[in-house]
1. Exactly one condition in (1) among the hydrophobic types (A, V, I, L, M, F, W, C); (2) surrounded by 19 or more Cβ atoms within 10 Å (Cβ to Cβ); (3) under 22 Å from the mean Cα position of the chain (by Cα) is false for A:Val44; which is it?
2. When you check A:Val56 against the structure, is it crowded, with 18+ Cβ neighbours inside 10 Å, under 30 Å from A:Met128 (Cβ atoms) and of a type in the set (A, V, I, L, M), yes or no?
3. Of A:Gly33, A:Gly26, which residue is assigned by TED's automatic domain parsing to the domain that holds A:Ile199, within 20 Å of A:Phe166 (Cβ to Cβ) and either of a type in the set (Asp, Glu) or surrounded by 22 or more Cβ atoms within 10 Å (Cβ to Cβ) (or both)?
4. Does B:Tyr53 satisfy being in contact with a Phe, Trp or Tyr (Cβ under 8 Å, 6 or more places away or on another chain), among the aromatic types (Phe, Trp, Tyr) and either over 25 Å from B:Ala191 (Cα atoms) or not assigned by TED's automatic domain parsing to the domain that holds B:Tyr189 (or both)?
5. So the check is Cβ under 7 Å with 6+ separation or different chains; which pairs have a first residue in the stretch A:266-292 that's at pLDDT 95 or above and a second one that's part of a loop (DSSP other than H, G, I, E, B)?
6. Please find, within the stretch B:194-212, the residue that is nearest to the other protein chains (Cβ to nearest Cβ) out of those that are surrounded by 18 or more Cβ atoms within 10 Å (Cβ to Cβ) and closer than 14 Å to B:Ser22 by Cα.
7. Please work out which one of (1) within 25 Å of A:Glu209 (Cα to Cα); (2) buried (at least 17 other Cβ atoms within 10 Å of the Cβ) is the condition B:Ala250 fails and give its number.
8. Would you mind stating whether B:Asp241 is surrounded by fewer than 19 Cβ atoms within 10 Å (Cβ to Cβ) and not assigned by TED's automatic domain parsing to the domain that holds B:Val88?
Protein chains: 2
Amino acid sequence: MAIKNVTVAGGGVLGSQIALQSAYCGLNVTVWGRTDASLERAKVRLERYAKTYEDVLEATKADPSVRARGLSDEGAAPEELDALKAKVAPALAGIRLTTDLAEAVADADLVIEAVIESKDQKTDFYNMLAPLLPEKTLVVTNSSYLLPSLFAEATGRPEKFMALHFANDIYRGNTAEAMNHPGTSQETYDAVVTFAESIRMIPICLHREQFGYLLNSLLLPWFGAAENLWADDVADPQTIDKVWCLALDAPRGPFRILDTVSLPTIYAVLQSNPDAHNPEHVKYRLAQKLKEKIDRGETGLLAGKGFYDYTDDAE
Amino acid sequence: MAIKNVTVAGGGVLGSQIALQSAYCGLNVTVWGRTDASLERAKVRLERYAKTYEDVLEATKADPSVRARGLSDEGAAPEELDALKAKVAPALAGIRLTTDLAEAVADADLVIEAVIESKDQKTDFYNMLAPLLPEKTLVVTNSSYLLPSLFAEATGRPEKFMALHFANDIYRGNTAEAMNHPGTSQETYDAVVTFAESIRMIPICLHREQFGYLLNSLLLPWFGAAENLWADDVADPQTIDKVWCLALDAPRGPFRILDTVSLPTIYAVLQSNPDAHNPEHVKYRLAQKLKEKIDRGETGLLAGKGFYDYTDDAE
């Protein structure tokens with residue numbers, strides 16, 4: 001089935017981005033929010049992202065290297081970029097916002113659940129959603145850390161349910177990890193992958209449930225190895241990045257990327273690791289060193305300083 | 001102290017490369033081999049690498065993207081490249097080959113041990129070397145997997161001994177991981193790092209002993225995570241590489257690199273892991289899947305097919 005009517009449940013950072021991207025690509029989009037206040041915040045976000053779309057499309061005319069993959073094709077001519085830019089305002093204006101879930105999903109081909117990352121709150125949402133859905137509707141969760149099988153039963157339609165996980169700034173980082181649970185039908189999987197492509201995402205197809213999907217499954221052990229080398233004073237972050245970049249012709253090593261993740265985020269995740277509380281363990285030394293940097297305000301890229309100093313260069 | 005006289009012990013793949021690179025950069029180089037036959041093989045290797053140096057320098061004139069960092073600077077003019085090319089033959093001709101260890105090290109500022117990767121054989125070599133060394137001589141091991149502290153005592157000069165680990169094809173992959181053991185003096189460390197720079201290596205400075213140095217410490221958990229995703233059929237190698245490359249703007253993902261490592265090498269290392277022999281473990285499933293590919297002749301880049309098929313493209 002072709003997906004034309006998309007309902008995004010939750011107008012937070014990712015929800016707003018998914019809604020605008022779907023509207024930009026010509027789909028009929030509804031955003032459901034729990035309260036009027038949450039919809040007001042979603043509106044502000046949508047307007048801000050719409051402005052970003054227009055700015056990036058405009059800037060791409062002068063400098064193709066700033067192109068965002070979700071917005072335009074490589075080598076698009078200035079007139080094509082102008083035509084795309086002209087689509088942004090109508091797309092934004094066409095997004096319907098409502099607190100009425102029954103109305104929001106009444107003719108939905110696809111519901112994208114982007115509510116808060118809590119098992120209980122997502123389960124409550126699905127219990128509320130299930131009786132309202134037309135038979136045709138497919139449902140996906142954008143959850144980062146909760147596997148779809150946790151919610152399959154609550155949706156009332158396990159065969160029409162799976163995960164579709166977007167990266168942040170989806171207009172630029174346009175991967176969408178598609179992950180089924182054991183009960184998802186092939187038809188649903190195929191339709192969801194086709195939908196992802198229709199909104200200019202590059203589908204990343206998983207064949208089974210995997211905590212962290214693919215990207216985090218690769219990143220976390222790599223980050224962990226780099227962090228341990230630093231925590232044990234084997235080498236400094238710049239040196240560790242250097243050997244990686246030189247050996248693999250890669251533009252960025254682990255610490256450059258950890259600066260974008262931000263040190264407080266790394267520290268917070270580390271606190272849930274029992275090893276970080278055992279003074280004999282490398283993760284304890286890592287926590288100490290991270291805390292020292294955070295206490296000095298060196299929290300990462302956004303602060304201008306983390307493992308690297310960003311105040312002297314254009315980055 | 002400035003290092004002018006370099007003796008490379010062992011004329012194998014890495015030993016030959018280190019010898020030629022040092023001679024190319026103007027140092028006095030001696031290669032010591034255990035037998036005349038081993039020196040004959042070293043001579044063939046040296047000649048082959050010298051031809052490669054000349055070919056790469058010539059090709060760089062027409063296409064700067066083929067430049068090897070160990071051979072020429074970025075943006076070198078054609079006449080500079082010709083001048084460098086003219087240095088190769090005299091450098092090769094100036095390398096002294098001998099089976100007489102006493103003679104080989106009689107005036108050595110630095111001995112680079114590149115003998116076979118065996119603790120016993122390296123220890124025997126150091127026991128033989130120690131009484132022959134002038135007081136001034138520094139000694140480094142190029143070992144990949146054996147830490148320098150294992151041999152510090154056998155050298156008879158722990159303060160003048162450390163590890164300097166070269167990558168393969170050092171004229172191109174010109175990183176040199178410098179790793180001290182607890183007894184290495186700062187003076188030695190500094191002199192060895194300066195030597196590495198003098199032969200156009202980029203020194204990667206470790207502050208303490210680390211199994212696998214930095215690069216393998218990062219690569220192995222990353223490879224392991226990617227291999228597990230494939231072994232458990234979560235996704236195919238191309239998809240796993242794709243998400244990595246897209247998210248990190250990286251030219252190559254783990255499976256592309258594993259194809260250059262070669263599947264038989266991965267399989268051989270895996271056999272020493274007890275988990276690979278436990279049918280309940282993901283490493284067992286990994287071993288099965290690797291063996292299937294190896295049995296089909298899909299052993300990696302050199303075979304034309306591994307995780308990728310290289311027969312259709314220029315790679």
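1. Of (1) among the hydrophobic types (A, V, I, L, M, F, W, C); (2) surrounded by 19 or more Cβ atoms within 10 Å (Cβ to Cβ); (3) under 22 Å from the mean Cα position of the chain (by Cα), only one is false for A:Val44: (2).
2. Numbers: crowded, with 18+ Cβ neighbours inside 10 Å: yes; under 30 Å from A:Met128 (Cβ atoms): no; of a type in the set (A, V, I, L, M): yes.
Against the criterion (crowded, with 18+ Cβ neighbours inside 10 Å, under 30 Å from A:Met128 (Cβ atoms) and of a type in the set (A, V, I, L, M)), A:Val56 does not qualify.
3. Numbers: A:Gly26 fails: either of a type in the set (Asp, Glu) or surrounded by 22 or more Cβ atoms within 10 Å (Cβ to Cβ) (or both).
After ruling out the rest, the residue left standing is A:Gly33.
4. Numbers: in contact with a Phe, Trp or Tyr (Cβ under 8 Å, 6 or more places away or on another chain): yes; among the aromatic types (Phe, Trp, Tyr): yes; either over 25 Å from B:Ala191 (Cα atoms) or not assigned by TED's automatic domain parsing to the domain that holds B:Tyr189 (or both): yes.
Yes; evaluated as a whole, the condition is true for this residue.
5. A:Asp275/A:His281; A:Val282/A:Asp232; A:Lys283/A:Asn273; A:Tyr284/A:Asn278; A:Arg285/A:Asp232
6. That would be B:Met201.
7. (1)
8. Values: surrounded by fewer than 19 Cβ atoms within 10 Å (Cβ to Cβ): no; not assigned by TED's automatic domain parsing to the domain that holds B:Val88: yes.
For B:Asp241, the condition - surrounded by fewer than 19 Cβ atoms within 10 Å (Cβ to Cβ) and not assigned by TED's automatic domain parsing to the domain that holds B:Val88 - is not met.
The values are calculated or read from the model by the stated rules, or taken from the named source; none is laboratory data. What you see is a predicted model, and the numbers here were worked out from it, not measured in a lab. Backbone-built Cβ (ideal geometry, glycine too); neighbour counts: all protein chains shown.
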